[in-house]
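S.K.: Take a look at the following structure, please.
The values are calculated or read from the model by the stated rules, or taken from the named source; none is laboratory data. Here the structure is a predicted model, which means the values were calculated and not measured. Here the Cβ is made from the backbone with ideal geometry for all residues, glycine too, and neighbour counts use every protein chain on show. Please note that ligands, DNA and RNA were not included when accessible areas were found on the heavy atoms of the full protein model with its side chains. Shrake-Rupley method; radii C 1.70, N 1.55, O 1.52, S 1.80 Å.
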Amino acid sequence: LRAIASALTLTDRALLILIGNLVCVYVAWNIVSYMPRQNRRSVVYQISRMFLLMAKIVYFIFIEVVLFPMLCGYCLDIALTPLIPDRDKTAHYRAILNNSPSRRAIYWGLGLFFMLQFARCVSYCRHVARPGLLWFIRDPNDPDFHPMREALEGRTVSQQTKIWRSAVMYCGALLVCFGVPSYATTLIAPGTFPMTYPKSAWTADFPHSMHLSVVLLVMMIQWGEPYEMARALLSFWWRFAARVVRLSEFIIGVRDVLDEGRWELAGYPQVPVVLPRLWMPTRVVTEAFEEVSLEASDRARDGERGNAVPTSEFRARLQSRIDIGLMQRHPWVRFVLDGQNIRAPAVDTVSVVPGRKMLVPVDDLGRPAEDKHDYEAADYPERRGDGDGDDDDDEQRDLPAAAPESSFRDLRFKPAQHKVIYVPPGLRVRVFAFMALIWVLVAAMFVTTVVSSMYVGRVLWTVTGKQQRNDYLVFPVGLMGVIMLSTRIYQVGSLVAGLFGRNGSVTRALGDSIRQIYQGWVSGWKLLVTASVFFVFLPVLYGLVLEVYVVVVLREYVDNKEAESIFAHTSVQAVKHNWLFSSLNTWVLVSALRWFPDTRLARAVDRLFTGPPHTWQVWRGIVEIGLPIGGVALAAAGLPFAATFLQMWMRGELTWEAAHGVLFMSEIKQLARNALVIMVTATSLALVWWACIVYKRWSRLARDQVYR
């Protein structure tokens with residue numbers, strides 16, 4: 001405690017600030033809790049209440065934005081630990097426990113990336129699944145979703161319980177979806193895994209093509225559209241798994257009469273029928289359902305219509321028609337209807353009241369089978385009985401409590417947000433089986449992607465020469481190749497499927513195919529030229545500016561052995577390091593332009609590079625954007641060299657050896673001095689210019705207000 005009180009380190013200061021805030025929260029809580037009612041209009045009470053609300057918001061924001069992603073990053077690291085060598089696992093676990101702030105930042109970034117991808121996956125599932133299936137995951141597009149108001153008005157304990165449930169869900173998904181497949185990968189490909197890498201090798205010691213692949217991988221994921229292929233695969237497998245477990249209507253929202261019963265062999269009802277859709281006479285059942293649907297409808301599902309009958313009568317007619325059809329043509333098999341109808345949410349934005357069931361069994365008329373689940377009668381007393389709300393029958397019913405009032409949304413039961421659907425027996429077991437099949441897909445995709453990427457990357461690595469292999473660079477190289485190949489196969493398959501499934505002449509279809517191939521060729525070379533200019537040449541120039549004005553100055557004026565060891569590298573290594581850093585900065589800048597649409601650069605990018613790649617105006621973009629930026633960067637980087645050469649010439653010291661040393665930055669004393677002077681001068685001029693602009697706008701605004 002004495003060491004903490006001294007506040008010599010950043011950790012001690014943070015702990016002292018935390019202790020002080022906790023004490024203030026405790027004092028404010030006591031004031032708000034025990035202040036007499038007649039004194040609750042006082043300033044002390046209002047300040048304490050506002051402080052508690054602010055502390056509550058900061059607490060939840062810290063958990064959601066900082067602690068939650070960091071926890072996901074730790075779980076992701078632990079899940080991928082089987083891929084590293086056994087000799088490094090002990091040191092790796094020790095590093096996880098005793099990590100530095102930079103490592104925590106890396107874990108936070110990894111966890112945030114996983115949470116974003118998980119949100120993307122949930123959005124894909126919403127497109128495929130039945131509306132209302134994912135009601136327990138709040139939809140950010142819900143107009144009634146107000147997380148800040150819920151945090152302010154809701155109970156802290158219940159909200160914290162929800163947060164930690166979400167944490168358990170995220171961590172469990174990480175460990176199950178990545179940890180188990182990682183271990184399975186090491187068993188399937190023991191010759192490929194674990195990954196190997198040289199401990200003492202810097203990324204600058206590897207070929208340029210390997211550095212380029214790291215940046216190209218990000219571009220390939222952005223422009224290669226692997227998410228579209230994953231989305232199509234997920235949609236197919238989602239529908240297949242739903243049909244296997246007889247939950248097509250519950251999960252997909254499409255009624256399938258084959259899911260509403262089970263197949264039995266005549267004389268052997270206890271023998272399970274495996275994959276009945278492949279060899280059972282399913283056509284007889286579907287034809288019987290179509291005939292019965294023309295004669296009558298299920299009142300519980302379709303409402304009161306002219307030919308609506310109760311559910312039991314509808315199912316009896318359907319069962320009789322199926323038995324007759326199978327007895328006439330396939331007497332060796334029976335199809336027995338089972339399961340029940342339930343009331344389920346029909347929208348993801350359904351009103352959720354704690355304690356109320358969302359899946360409620362219904363009777364033959366579509367009403368709740370038990371009075372304790374009749375939420376409509378509980379929330380709307382005027383709709384009971386004759387409408388007066390005072391019937392003796394209603395008083396004897398075991399109705400639930402009415403929905404609580406909320407200041408920002410109506411929590412009462414709304415019939416439009418629910419619908420009646422069919423579910424088979426053993427719903428929980430079938431949902432668990434469906435989730436297991438989805439996990440099989442995720443695990444198969446993970447194992448296939450990792451193994452194939454590592455194999456392709458090692459093959460491509462051997463082409464670059466005999467450098468020491470680093471699997472941390474091999475993997476992105478192979479992943480880029482796998483994404484390119486798989487996306488092209490998917491696009492060709494989609495093209496062929498569209499060609500054979502299109503109505504019209506073959507000549508028109510071939511013409512469209514040739515046009516698409518030509519557009520693909522044009523898109524390819526335009527992407528190549530754009531990437532070469534804006535992610536190779538311009539980052540090289542930007543990296544040169546960074547080297548001259550930052551690295552050279554730090555090498556000369558910073559007296560630190562660790563800094564000297566970091567910055568002591570050859571010119572080729574400097575170009576590699578600065579190019580990689582500049583490429584990432586360029587990518588961040590391009591991504592950030594969408595948040596500033598009114599700037600001149602953002603408008604130029606939208607005008608020249610909006611739409612499919614084959615419509616881009618590449619040459620105009622190079623002339624209007626690339627050349628000015630490149631010219632300014634080249635002039636800025638060359639100015640210190642020109643000043644240094646001029647001073648050496650005036651002193652009579654300009655020789656070939658001296659110029660060579662300055663040009664390759666081995667003799668940097670005079671170069672660092674000139675770069676520092678130019679940087680300070682340019683910064684001062686820029687500040688003066690901006691100050692003049694601010695003063696001009698302020699004076700104009702003041703003049704307009706005076707003479708208005």
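S.K.: Taking the highest mean first, how do the peptides 544-554, 172-182 order by number of other beta carbon atoms within 10 angstrom per residue?
M.R.: Working: 544-554: 20.0, 172-182: 18.3.
Ranking the peptides 544-554, 172-182 by packing returns 544-554, 172-182.
S.K.: Using label points projected 7 Å from each Cα along Cα→Cβ, tell me how many nm separate Asp606 and Ala702, to one decimal.
M.R.: 3.5 nm
S.K.: Report, in whole Å, the centroid distance computed from the Cα atoms of region 514-558 and region 397-431.
M.R.: 56 Å
S.K.: Right, another one. At 1.4 Å probe size, put Ser532, Ser297 in order of accessible surface, largest to smallest.
M.R.: I get Ser532, Ser297, largest accessible area first.
S.K.: Further question on the same structure: Go through region 603-660 and name the GluC sites (Glu not before Pro) that are in a DSSP coil and have 15 or fewer other Cβ atoms within 10 Å of their Cβ.
M.R.: Details: sites: Glu624, Glu653, Glu657; in loops: Glu653.
Here the GluC sites (Glu not before Pro) that fit, given the DSSP loop and packing criteria, are Glu653.
S.K.: Please list the non-local residues whose amide H lies under 5 Å from the amide H of Gly261, H modeled 1.01 Å from N, same-chain partners needing a gap of 5 or more.
M.R.: Asp338
S.K.: Return the carbon/sulfur percentage of the accessible area of region 252-334, one whole number, probe 1.4 Å, all protein chains in place. Provide the component values of the computation, followed by the final result.
M.R.: On the way: 2670 of 4830 Å².
Carbon plus sulfur share of accessible area: 55 percent.
S.K.: Same structure again: Cross-link list Lys162/Lys419; Lys56/Lys357; Lys357/Lys419: which exceed 18 angstrom alpha carbon to alpha carbon?
M.R.: Lys162/Lys419; Lys56/Lys357
S.K.: Further, regarding this structure: What trypsin sites (Lys or Arg not before Pro) in region 15-96 are in a loop by DSSP, with at most 14 other Cβ atoms within 10 Å of the Cβ?
M.R.: Arg40, Arg41
S.K.: Hey, got the dipole for region 270-384? About the Cα centre, +1 on K and R Cβ, -1 on D and E Cβ, debye to the nearest 20?
M.R.: Its charge dipole is roughly 360 debye.
S.K.: Hey, another quick one. Excluding Arg94 itself, what net charge comes from residues whose Cβ is under 14 Å from its Cβ, given Lys and Arg +1 and Asp and Glu -1?
M.R.: +1
S.K.: Going from most exposed to least, what order do Leu427, Leu601 have by accessible area with a 1.4 Å probe?
M.R.: Output order, biggest surface exposure first: Leu601, Leu427.
S.K.: For the peptides 323-334, 341-352, what is the packing order when you average, over each peptide's residues, the other Cβ atoms within 10 Å and list the highest mean first?
M.R.: Values: 323-334: 14.0, 341-352: 19.5.
Listed from highest to lowest mean packing, they are 341-352, 323-334.
S.K.: Next question. Applying a 10 Å radius around every beta-carbon, put 355-361, 455-461 in order of their mean neighbour count, most first.
M.R.: The packing order, highest mean first, is 455-461, 355-361.
S.K.: Can you grab the distance from the C-alpha centre of region 596-617 to the C-alpha centre of region 250-280, Å, no decimals?
M.R.: 55 Å
S.K.: In whole Hz, with x marking every Gly and Pro, tabulate ³J(HN,Hα) for region 474-482 from phi via Karplus 6.51 cos²θ - 1.76 cosθ + 1.60, θ = phi - 60°.
M.R.: Here the 3J(HN,Hα) series is 5, 4, x, 5, x, 5, 5, x, 5 Hz.
S.K.: Counting Lys +1, Arg +1, Asp -1, Glu -1, what net charge surrounds Ala28 among other residues with beta carbon under 12 Å of its beta carbon?
M.R.: Result for the neighbourhood of Ala28: +2.
S.K.: A follow-up question, please. How many angstrom lie between the C-alpha centres of region 55-85 and region 321-386?
M.R.: Rounded to whole Å, the Cα centres lie 41 Å apart.
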